[in-house]
1. What are the pairs with Cβ atoms under 6 angstrom where one residue, in the stretch 57-68, is under 16 Å from I129 (Cα atoms) and the other, located anywhere, is open to solvent by 50 Å² or more (accessible area, probe 1.4 Å)? Sequence gap at least six, or different chains.
2. So is L21 in contact (Cβ under 8 Å) with a residue 40 or more places away in the chain and among the aliphatic types (A, V, I, L, M) or not?
3. Just checking, which of P49, P29 is of a type outside the set (S, T, Y) and at pLDDT below 95?
4. Confirm whether A143 is modelled with pLDDT under 60, more than 25 Å from K4 (Cα to Cα), open to solvent by 40 Å² or more (accessible area, probe 1.4 Å) and not polar (S, T, N, Q).
5. I'd like to check which strands (runs of 3 or more DSSP E) are fully inside the stretch 15-118 and have at least 2 residues that are in contact with a His (Cβ under 9 Å, 6 or more places away or on another chain) and among the polar types (S, T, N, Q).
6. Inside the stretch 24-51, can you point out the residues that are of a type in the set (S, T, N, Q), within 19 Å of G79 (Cα to Cα) and surrounded by 13 or more Cβ atoms within 10 Å (Cβ to Cβ)?
7. Check V89 against each of (1) open to solvent by 40 Å² or more (accessible area, probe 1.4 Å); (2) modelled with pLDDT of 75 or more; (3) over 24 Å from D68 (Cα atoms) and name the one condition it does not meet.
Amino acid sequence: MAEKVPQEVVDYLASQKALTLATTGLDGPWATTLTYVNDGSEIYIWIRPNTNTARHMDQNSRVAFAIDEYAEDWRQTKGIQARGACSVVEGERIATAADLFGRKYPELRPGSTSTVVFYRIEPEVLEFIDNSRGVDEAGDFGAEYRRQSILELPAVDQG
């Protein structure tokens, strides 16, 4: 990725364990929660090939995801909202993705990588929410939040 994502955001991505992925296929939208790993701002997920999510990503590579850190005090909430392109990981990158997962989740290491498919998500729009830094916008219901646009690449023509 040509754009530089701040180290604070990369570290936040590395510190979290799960994301909610939104996909759209011929049968409509779908959302699922998955474990993930990151290499910089690139996100790697693994799923079984016969799932709705895998079918959707094969039909439409455009995805969105959210990573949230729940806090009782909304002023401490942190998270990521992003969208981008998703693609199947192939070749030598499979070993890299499997190694990243093995290091972050040693208890989830699959017996064989042939039972899962690795996907890479390259964010095109990425926003980092960190309410612990103070307020710069007022929201509804008295909730105040701080959102920082980190990355916004030009839209890709899917023509």
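1. Final answer for the pair search is A64/R83; A66/T20; A66/Q81.
2. yes
3. Unique residue meeting the criteria: P49.
4. Considered against the rule, which asks whether it is modelled with pLDDT under 60, more than 25 Å from K4 (Cα to Cα), open to solvent by 40 Å² or more (accessible area, probe 1.4 Å) and not polar (S, T, N, Q), A143 comes out as no.
5. Ranges flagged: 18-25.
6. Once the filter is applied, which keeps residues that are of a type in the set (S, T, N, Q), within 19 Å of G79 (Cα to Cα) and surrounded by 13 or more Cβ atoms within 10 Å (Cβ to Cβ), the stretch 24-51 yields T32, T35, N38, S41.
7. Condition (1) is where V89 drops out.
The values are calculated or read from the model by the stated rules, or taken from the named source; none is laboratory data. What you are looking at is a predicted structure, and each value in this text was computed from that prediction instead of being measured. Positions of Cβ are backbone-derived with ideal geometry, glycine not excepted, and every protein chain shown enters the neighbour counts. The area values use the complete protein model at the heavy-atom level, side chains included, leaving out ligands, DNA and RNA. Shrake-Rupley method; radii C 1.70, N 1.55, O 1.52, S 1.80 Å.
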